[in-house]
Amino acid sequence: MGATRNSVANKAGVSSATVSRVYNNPGKVSPSLAKRVLEAARELGYEPNSAAATLRRSGTGTIAFVQFRKKDRSYYWGNLDSFDWFFGRAIKGVQEVLAKSSWQMRFYTVETQRELEAIAMRCDGILAYDVDTQEEEALFSSITIPYVLAHHLTGNTDVQSCVRTDNRYGGTLQAQYLRECGVIRPLYITGYLESVVPHADRLAGFKEYYPDALVLSTEIGETCAMESLAQRVQKLVDTKTIDGIAAVNDIALFSLLLRIKTDLPKVGYDASPLFGIYPAPVASIAIQSGELYRRAAEKLLGLLAGNRPDCTTVLPKLIRSLLQ
């Protein structure tokens, strides 16, 4: 006879209910206790029976991971191939949680409320990826099953359960880094401020420290636009008009740094793979997508186990290159 939940509980010195919580409601179990249970399960060769768990719940045993089609936008970072790594880190965070549970996950892309409602009829819970407009948030007003929204929420609607980042705080971290480097006259590079709320929030946070910062806006991701911007920035560097550079994301920063010559202090945003290989001192702001979506998955499992909905903020953090 194979290992059972009770045998894992006996080996770990916990109750059978605790073993169940580790796999189905991990947010309610301390990391040390969860580690003990998982080590006991691994030694015994125990794996949760997803089919049996589904029958006990009288549900589908399925969680939906939902993305939205971001149509008719002049700029959306998720459409750029250079940001596929962000999605990968997010999925890895979700996988770390679901791999220890009896739940299965399916992926969907939606655009309308009707599509979302149809998905809700085929699953037990929904984890929504990069909800970043009030219109997308409003689509969940008719959803009756548990759901968690992440991560670029506007904060202007009554979302019941979410895990979000704080872009304004990330902007202040950028400013704090440049101030630490002795920067007095920074340049801030951004774009699409009127249509992309996170960009505006980051700049607002940055200006808390540098209200008079020089701001240049460009069509981020467009090669021709960056060529023109690079010429302007090189002139600012050569004339010592600026003494530090910050950018709304790493793709804008490194697209610029490939085209100019400067050793000024610089800080990007997103802590992308580009940040890790740049051959000079540089800093970036990590949204921590893996941790953010791990927390979102834990929150969703908690809702499915009967927890009350709430919202959590995972603060971004400053990351320095190894050369500093």
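Descriptive notes on the structure:
- Test for Ala230: is it surrounded by fewer than 19 Cβ atoms within 10 Å (Cβ to Cβ), at pLDDT 90 or above, of a type in the set (Gly, Ala, Ser) and in a helix (DSSP H, G or I): yes
- Of the residues making up the range 74-104, those that are over 20 Å from Met121 (Cα atoms) and surrounded by 14 or more Cβ atoms within 10 Å (Cβ to Cβ) number 21.
- For the range 88-120, filtering for residues that are under 18 Å from the mean Cα position of the chain (by Cα) and either in contact (Cβ under 8 Å) with a residue 60 or more places away in the chain or assigned to a helix (DSSP H, G or I) (or both) leaves 11.
- When the range 243-264 is limited to residues that are surrounded by 21 or more Cβ atoms within 10 Å (Cβ to Cβ) and part of a loop (DSSP other than H, G, I, E, B), the one that is modelled with the highest pLDDT turns out to be Val248.
- Among (1) farther than 25 Å from Thr133 by Cβ; (2) part of a helix (DSSP H, G or I), the one test that Phe206 misses: (1)
Yes/no matrix, rows are residues, columns are (1) over 24 Å from Lys299 (Cα atoms); (2) modelled with pLDDT under 80:
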site: Pro26; (1), (2): no, yes
site: Leu38; (1), (2): no, yes
site: Ala41; (1), (2): no, yes
site: Gly45; (1), (2): yes, yes
site: Arg56; (1), (2): no, yes
site: Thr60; (1), (2): no, no
site: Ile63; (1), (2): no, no
site: Asp72; (1), (2): yes, no
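- Near pairs, Cβ below 7 angstrom, 6+ apart or cross-chain, from the range 297-310 (closer than 19 Å to Arg164 by Cα) to any residue that is β-branched (Val, Ile, Thr) and in a helix (DSSP H, G or I): Ala297/Val94; Ala297/Val97; Glu298/Val97; Leu301/Val97
- Any hit, the range 214-236, residues being in the same structural domain as Gln160 (by TED's automatic domain parsing) and free of Cβ contacts under 8 Å to residues at least 60 places away in the same chain: no
- Residues of the range 84-109 satisfying the condition of being touching a strand residue (DSSP E or B) at 6+ places or on another chain (Cβ under 6 Å) and β-branched (Val, Ile, Thr): Thr109
- Per-region count, the range 141-197, residues assigned to a loop (DSSP other than H, G, I, E, B) and among the aromatic types (Phe, Trp, Tyr): 1
- The range 148-171, residues that are modelled with pLDDT of 95 or more, over 17 Å from Lys266 (Cβ atoms) and in contact with a Phe, Trp or Tyr (Cβ under 8 Å, 6 or more places away or on another chain): Leu149, Ala150, Val163
- The requirement of being in the same structural domain as His199 (by TED's automatic domain parsing), modelled with pLDDT of 95 or more and either touching a Gly at 6+ places or on another chain (Cβ under 8 Å) or not in a strand (DSSP E or B) (or both) is not satisfied by Leu274.
The values are calculated or read from the model by the stated rules, or taken from the named source; none is laboratory data. Just so we're clear, the structure is a prediction, and the values are computed from it rather than from any experiment. A quick note on method: Cβ atoms are made from the backbone with ideal geometry, for glycine too, and the neighbour counts reach across all protein chains shown.
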